[in-house]
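Throughout, read-outs are computed from the coordinates displayed, never taken from laboratory work. Just so it is clear, the model here is predicted, and its values are computed rather than measured. For neighbour counting, all protein chains shown are included, and Cβ atoms are generated from backbone atoms with ideal geometry for every residue, glycine included.
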Amino acid sequence: AEERLRAAREDRDRAERDRREAKERDRAAAHALTSAEREARAGARRVDRLGGRAGSYDSFD
């Protein structure tokens, strides 16, 4: 019985660790996406200033 209890605790700890790591990966991915969107908008605004299509960066919203 103790062996099963210990194994169950290890499984639970492993699952919690996996969940934490997944949450961290999601946060990093969301940050990368936000940075990429910011860069894309800034690039589109530069194009607008150079005479590109007006409001072209709105498509990133």
When N counts the residues of the range 2-52, how does its alpha-carbon radius of gyration compare numerically with 2.2 N^0.38 Å, as a ratio? 2.25
E2 paired with D18, simple spin-label distance in nm, labels 7 Å along Cα-to-beta-carbon: 2.8
